[in-house]
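Chemist: Structure provided below as structure tokens; questions to follow.
The values are calculated or read from the model by the stated rules, or taken from the named source; none is laboratory data. Source: prediction; values computed, not measured. In this analysis, Cβ positions are derived from the backbone assuming ideal geometry, glycine residues included, and neighbour counts consider all displayed protein chains.
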Amino acid sequence: MFTIGEAIVEDAIARERFACDLGRCHGACCTLPGGRGAPLEDAELQYLVNSFPAAKKYLPPEHLQVIETDGLYEGEPGSYATTCIDEQACVFVFYEEGIAKCSFERARLNGETTWLKPLSCHLFPIRISSLFSERLRYETIAECKPALRRGAKEDVPLYEFLREPLLRKFGQAWYDEFLLQCRMRDPARNQTPSGK
């Protein structure tokens with residue numbers, strides 16, 4: 001493990017190759033069983049509520065019915081999550097040619113809202129847990145095997161694949177140091193970023 005600012009980072013994040021392959025995984029990370037939807041930071045609740053009117057038109061009727069009954073999210077401060085369908089799919093998922101997609105992301109891509117989606121979704125397969133400090137860990141699931149194969153084939157480091165959500169969470173200065181530390185620990189890179 002290594003530390004950037006106040007965050008502790010697992011070494012696996014510096015070594016793994018990863019690039020999502022939606023054509024093969026079909027958006028499985030949006031539909032994982034487990035009883036809860038996507039983890040939400042407390043500050044994200046208002047963004048979710050404000051963006052829902054733009055996103056709801058993409059949702060199937062059965063998802064809208066669950067939202068009507070159970071609400072947009074559940075939990076308590078420090079432990080919120082999106083509502084889910086049958087303890088599995090996130091309630092904000094819609095399906096396009098058999099692929100699970102995010103209604104918030106679609107609304108953002110169409111210029112209908114400025115909020116992309118929950119940070120936990122954007123960062124997956126990195127998960128952040130907090131107790132005394134934030135800890136970044138790499139979560140492995142069988143459904144992501146196509147992403148591992150594609151990442152290895154195209155030589156895409158996980159730490160570069162997730163550049164945008166890491167910048168969103170931690171900012172440029174943190175990411176620059178993170179990138180440097182990852183490349184030092186990455187056997188395939190093991191060099192400092194050019195132009196730094």
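Chemist: Any residue in segment 52-66 that is at pLDDT 95 or above sitting within a Cβ distance under 6 Å of a residue that is part of a helix (DSSP H, G or I)? List the pairs, counting only those 6 or more apart or interchain.
Modeler: Short answer, once both residue conditions are applied: Ala54/Ala107; Ala55/Ser103; Ala55/Phe104; Ala55/Ala107; Tyr58/Ser103; Tyr58/Arg106; Leu59/Ser103.
Chemist: Tell me the residue from Asp176, Asp155, Asp186 that is without any contact (Cβ under 8 Å) to a residue 40 or more places away in the chain and more than 24 Å from Cys30 (Cβ to Cβ), please.
Modeler: Numbers: Asp155 fails: without any contact (Cβ under 8 Å) to a residue 40 or more places away in the chain; Asp186 fails: without any contact (Cβ under 8 Å) to a residue 40 or more places away in the chain.
Within the list Asp176, Asp155, Asp186, the selection yields Asp176.
Chemist: Taking segment 51-81, which residues are assigned to a helix (DSSP H, G or I), of a type in the set (Ser, Thr, Tyr) and within 23 Å of the chain's Cα centre (by Cα)?
Modeler: Matches in segment 51-81: Ser51, Tyr58.
Chemist: Collect the residues in segment 126-164 that are at pLDDT 95 or above and loosely packed, with under 13 Cβ neighbours inside 10 Å, keeping them in residue-number order.
Modeler: Lys153, Glu154, Asp155, Glu164
Chemist: Against the conditions (1) aromatic (Phe, Trp, Tyr); (2) in contact with a Gly (Cβ under 9 Å, 6 or more places away or on another chain); (3) crowded, with 18+ Cβ neighbours inside 10 Å, where does Tyr175 fall short? Just the number, please.
Modeler: Only one criterion in (1) aromatic (Phe, Trp, Tyr); (2) in contact with a Gly (Cβ under 9 Å, 6 or more places away or on another chain); (3) crowded, with 18+ Cβ neighbours inside 10 Å is unmet by Tyr175, namely (2).
Chemist: Now a separate question. Leu167 is checked against (1) farther than 20 Å from Thr31 by Cβ; (2) surrounded by 17 or more Cβ atoms within 10 Å (Cβ to Cβ); (3) among the aliphatic types (A, V, I, L, M) and fails just one. What number does that condition carry?
Modeler: Evaluating Leu167 over (1) farther than 20 Å from Thr31 by Cβ; (2) surrounded by 17 or more Cβ atoms within 10 Å (Cβ to Cβ); (3) among the aliphatic types (A, V, I, L, M) leaves (2) as the failure.
Chemist: Right, next: May I ask you to list the residues in segment 1-39 that are crowded, with 16+ Cβ neighbours inside 10 Å, assigned to a loop (DSSP other than H, G, I, E, B), in contact (Cβ under 8 Å) with a residue 60 or more places away in the chain and not charged (D, E, K, R)?
Modeler: Of everything in segment 1-39, those that are crowded, with 16+ Cβ neighbours inside 10 Å, assigned to a loop (DSSP other than H, G, I, E, B), in contact (Cβ under 8 Å) with a residue 60 or more places away in the chain and not charged (D, E, K, R) turn out to be Phe18, Ala19, Cys20, His26, Gly27, Thr31, Leu32, Ala38.
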